[in-house]
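I have a structure here, written as structure tokens, and I will follow up with some questions on it.
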Amino acid sequence: MRMTPAVVVLFLLLLLTWLLMSGLDLNAARSDRELRALDEFSQLERGLNREVLTARAGLSLNYDALAWMTDAYDDSLNRLREAAGSGSEESAAIEALATRARRQQDLIERFKSRNALLRNSFAYFGIFSARLGAADHMPLVAAATTLTAAMLHLTLDTSPAAAREVKDRLEQLARVQSPPGDADSIQAVLAHGGILHDLLPATDAVLKALIAEASTREQDVVHAMIVERQLAARTSAGRYRLLLYATSLMLLGGLVYFGLQLRTRAIALRRRAAFEHAIAGISTRFINSQHYEIATHVESALEKLAKCIGADRAYFVVAAEPVQVYRWSGEGVEFPQGWPEHALNLATRFDRGEDGIIHIPKVRPSDETMNPLVDAGLQGWLCIPNTCGKRAEAVLGFDALCVGALTQWAEFGLFRMAFDAIANAISRIVLEQEKQRLQASLQQARRMETIGAFTSGIAHNFNNIVGAILGYTEIADARVRSGGQQAASLAEIRRAGERARQLVDQMLKFGRRGEGRRERICIKALVAETKSLLAASLPSHVGITVSETSEMTVVSAEPAQLQQVILNVCNNAAQAMDKPGLIELHIRVREVTDVLRIGRIGIGPGRFIAISISDPGRGMDEAMLQHIFEPFFTTRPDGNGLGLATVREIVQEHDGAVEVKSALGAGTRFDIWLPAVSSNEPISASYAPGVAGRGAGETVLVLETERKRLLRHEEILAALGYEPVGFTELHEARQAYALRTRFDAALVCHQPGATSALDFATALHDIAPNLPIILATPSARDLNAPMLAGSGIREVVHHPLTSVELAGALSRCLAASVAPQL
């Protein structure tokens, strides 16, 4: 992972700050506070002991100084704890010191209590002893004097012997027969002497314990730990200061290095800017030039670029038919034969750098791959290729005939910009040629559009005539005896009418534009259905075979149109076969990774379904192949020239392409490419038309704006066994429906672009939602499923009407309307 400059700078700042803080020994102040607190603690401890001894000697009048020192003693211990901090290594030693301090404080409190009693008893003992010493009774005076001496000795020596001496003197005084006036004094002396006898040894024992506790061992341990840590911190700080110094030296070296790098980069940027300026000048010249001047400007650009790097030859080669070469060479330098055309093949043999550029500063003859360069007289080679797959489409090359000539320029990646500028300029020549070709194609397309519009107009008018022929033929056929000559003639008339109807339908499909309703269909299922249709219509000497792939073959298309494509191509194949043979259909799936040219159209990239239809027929020559998709072009006397034109039109509307390969006597192959879609979604199922049957007197409402066609429709319905009720006006049909309470079905005749029939169907559906409505239309291109469903239309039949199609639609509608009542 590469670090950004901001991250590097932040890291260095944090490193230097850490080294600085570590080198400053910030814990020195803490250590000093600990040492000061420890010294104060020691001083206060000594002061307490001194004050206790002073109090014992009776030199202190009160305990104020002792109380103050005790509080200061506790405060110093707390400051020592705060300076050390919780969790530090000195905490245990400080707690041991605190334990000893608490024991000393307990002893001091005990001393204070006993010493107060001692002083009080001493005062009373002295007063009453003085009274007894001044008495007139000599035995009493002697006993009091010896007691006072023994008590004085006990104050100095609290040994058991001195204590027994005091006890004996107290007993002696108690046995003296004293005058009645001294009895109270004797009792007071005996009482306070007994207290002094008990307290003096106990108080001295407390003093001895206090002196024994006054040890510096714990202070020494804490002091040693603080000093040790302080020395370690100073040593560590010294190392960090040394590391900080070393890091500063490294940063200084880095600054010098980056300064040199910036200087080098600035020089490279100036050189790059100069080169980009030269490329900009070349591009500007290309932009401002006419297409016929580009070749001269390309040679001038090659000369300028070659002089920038000290090359002796420069060239730009484009892989085309034929190969296009633009070249420049220095004075007295010639191009060897076959060079630089051979550079196109060599560009794929050498390893390229990260920028896709081949740079060989020195050509070594010992390497076999270098032999073509040696043959061309090269000592150094720079090649900027533009590859597609395993071949190079174009190369920009520079040849050096002297060793080391191409090493003075370091940024060869900039030549990719030069390559693009020259390639774009050369592309302008191709685009100008393509523009002229497209203009010619546009003129042809406009002519074809005019033909299509003209064809559609003729077809619509001709459709009415065909409708009349077929309608009256069916009426006449219902009134003649079957098997007779008249029935045979009517049958021929009907077949001719049906053929004319098919021709009109092809003309309409060719002339109209726009897409029909697309469905997801399986090509294999569609081909299987089409094969069954072809099996009944193909000549007896023509067979058909289908080879399928195991992969899913799903496309988005209009089933009827796609089936018409296969039927038209197969019928053409059958008509081209004079001898018995097979029409072969191959279905395969192709993955196109790049734009693939099929005929005159480029497709891809993506997944495509390819349908190949081959026949061993007569075949076609090149002249015929140029015109087979043109409308009304045919080589058969009975052909109409619309079959293949419709095929190409339908395939292109489905974003596909058609390619034809043929030769005289070698048969013909049509390749139909259609874009595949995902097979995860459900595929539309095809439904067979219902079985046509005769009516049983059901009443059918008929709306037709033209009177003659209305009469013909009524005769067809009557012949099928239905009772027709026809109208030419919308309001008449509404009034009739309002007056008549029973209609079994309705037939509405629709003309493309008109809305009255759909409006009537909608109004009728609002009044009678369960009434089945059939729409007769010559073209369903203007309609869509939501529009039909909203109008209540259940079936759509082709206009002009045929009895078979109309009977099937009526049978299905009536069966569906009766089903819910069963």
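The values are calculated or read from the model by the stated rules, or taken from the named source; none is laboratory data. Because the structure is predicted, anything quoted here is derived from the model rather than measured. Note: ideal-geometry Cβ built from the backbone for every residue, glycine included; neighbour counts use all protein chains shown. Ligands, DNA and RNA are stripped out before the accessible areas are found, and what is left, the full protein with its side chains, is counted by its heavy atoms. Shrake-Rupley method; radii C 1.70, N 1.55, O 1.52, S 1.80 Å.
Does G606 meet the test of being in contact with a strand residue (DSSP E or B) (Cβ under 8 Å, 6 or more places away or on another chain) and open to solvent by 30 Å² or more (accessible area, probe 1.4 Å)?
No; evaluated as a whole, the condition is false for this residue.
If I ask for residues that are under 16 Å from A314 (Cβ atoms) and not β-branched (V, I, T), which ones from the stretch 332-341 would you list?
G332, E334, F335, P336, W339, P340, E341
What about R265, is it at pLDDT 80 or above and open to solvent by 60 Å² or more (accessible area, probe 1.4 Å)?
yes
Moving to a separate point now. Considering the stretch 650-674 alone, what residues qualify as being touching a residue at least 12 places away in the same chain (Cβ under 8 Å) and open to solvent by 40 Å² or more (accessible area, probe 1.4 Å)?
Hits for the stretch 650-674 are Q652, D655, E659, A663, L664, G665, A666, R669.
Among the residues of the stretch 615-626, what is the count of those that are under 22 Å from Q564 (Cα atoms) and either open to solvent by 30 Å² or more (accessible area, probe 1.4 Å) or touching a helix residue (DSSP H, G or I) at 6+ places or on another chain (Cβ under 6 Å) (or both)?
Residues meeting the conditions: 3.
Here are Q575, Q561: which of them is in contact (Cβ under 8 Å) with a residue 24 or more places away in the chain, surrounded by 14 or more Cβ atoms within 10 Å (Cβ to Cβ) and touching a helix residue (DSSP H, G or I) at 6+ places or on another chain (Cβ under 9 Å)?
That would be Q561, the only listed residue that is in contact (Cβ under 8 Å) with a residue 24 or more places away in the chain, surrounded by 14 or more Cβ atoms within 10 Å (Cβ to Cβ) and touching a helix residue (DSSP H, G or I) at 6+ places or on another chain (Cβ under 9 Å).
Here's something else I'd like to know. Name the residue that is modelled with the lowest pLDDT, counting only residues in the stretch 303-322 that are over 15 Å from L382 (Cα atoms) and open to solvent by less than 70 Å² (accessible area, probe 1.4 Å).
Going through the qualifying residues, I end up with A320.
Table: residues versus (1) in contact (Cβ under 8 Å) with a residue 60 or more places away in the chain; (2) part of a helix (DSSP H, G or I); (3) polar (S, T, N, Q).
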site: R169; (1), (2), (3): no, yes, no
site: A174; (1), (2), (3): no, yes, no
site: D182; (1), (2), (3): no, yes, no
site: Q187; (1), (2), (3): no, yes, yes
site: I195; (1), (2), (3): yes, yes, no
site: D198; (1), (2), (3): no, yes, no
site: P201; (1), (2), (3): no, yes, no
site: K208; (1), (2), (3): no, yes, no
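I'm trying to understand the selection: among the residues of the stretch 405-437, which are modelled with pLDDT under 70 and either of a type in the set (A, V, I, L, M) or in contact with a strand residue (DSSP E or B) (Cβ under 7 Å, 6 or more places away or on another chain) (or both)?
The answer is A405, L406, A410, F412.
Based on this model, can you work out whether A142 counts as open to solvent by less than 20 Å² (accessible area, probe 1.4 Å) and either at negative phi or without any contact (Cβ under 8 Å) to a residue 24 or more places away in the chain (or both)?
Spelling it out, it is not the case that A142 is open to solvent by less than 20 Å² (accessible area, probe 1.4 Å) and either at negative phi or without any contact (Cβ under 8 Å) to a residue 24 or more places away in the chain (or both).
How many residues does the stretch 159-195 contain that are touching a helix residue (DSSP H, G or I) at 6+ places or on another chain (Cβ under 7 Å), at pLDDT 80 or above, open to solvent by 30 Å² or more (accessible area, probe 1.4 Å) and more than 12 Å from S129 (Cα to Cα)?
5
Something else about it: Quick one: count up the residues across the stretch 117-150 that are at pLDDT below 80 and of a type in the set (S, T, Y).
3
Return yes when V527 is assigned to a helix (DSSP H, G or I), modelled with pLDDT under 75 and either surrounded by 18 or more Cβ atoms within 10 Å (Cβ to Cβ) or touching a strand residue (DSSP E or B) at 6+ places or on another chain (Cβ under 6 Å) (or both) and no when it is not.
Here the answer is no, as V527 does not meet what is asked.
Answer yes if at least one residue in the stretch 108-125 is out of contact with any strand residue (DSSP E or B) (no Cβ under 8 Å at 6 or more places or on another chain) and within 30 Å of A224 (Cα to Cα), and no otherwise.
Yes, the conditions are met somewhere in the stretch 108-125.
Same structure again: When you look at R327, is it out of contact with any His (no Cβ under 7 Å at 6 or more places or on another chain), surrounded by 15 or more Cβ atoms within 10 Å (Cβ to Cβ) and modelled with pLDDT of 85 or more, yes or no?
yes
So H297 clears everything in (1) assigned to a helix (DSSP H, G or I); (2) within 17 Å of A421 (Cβ to Cβ); (3) touching a His at 6+ places or on another chain (Cβ under 8 Å) except one condition, right? Which one?
The failed condition is (3).
Next question. Among residues belonging to the stretch 281-292 that are part of a helix (DSSP H, G or I) and in contact with a helix residue (DSSP H, G or I) (Cβ under 9 Å, 6 or more places away or on another chain), point out the one that is surrounded by the most Cβ atoms within 10 Å (Cβ to Cβ).
In this case the residue turns out to be I282.
I would also like to ask the following. Which of the residues spanning the stretch 244-262 are open to solvent by 60 Å² or more (accessible area, probe 1.4 Å) and either among the acidic types (D, E) or at pLDDT 80 or above (or both)?
Scanning the stretch 244-262 gives L249, M250, L252, L255, V256, Y257, F258, L260, Q261, L262.
Quick check on the stretch 451-506: of everything there that is among the basic types (K, R) and modelled with pLDDT of 70 or more, which residue is nearest to P778 (Cα to Cα)?
If we take residues in the stretch 451-506 being among the basic types (K, R) and modelled with pLDDT of 70 or more, then R494 is nearest to P778 (Cα to Cα).
Looking at S86, is it of a type in the set (S, T, Y), modelled with pLDDT of 75 or more and surrounded by fewer than 20 Cβ atoms within 10 Å (Cβ to Cβ)?
Spelling it out, it is not the case that S86 is of a type in the set (S, T, Y), modelled with pLDDT of 75 or more and surrounded by fewer than 20 Cβ atoms within 10 Å (Cβ to Cβ).
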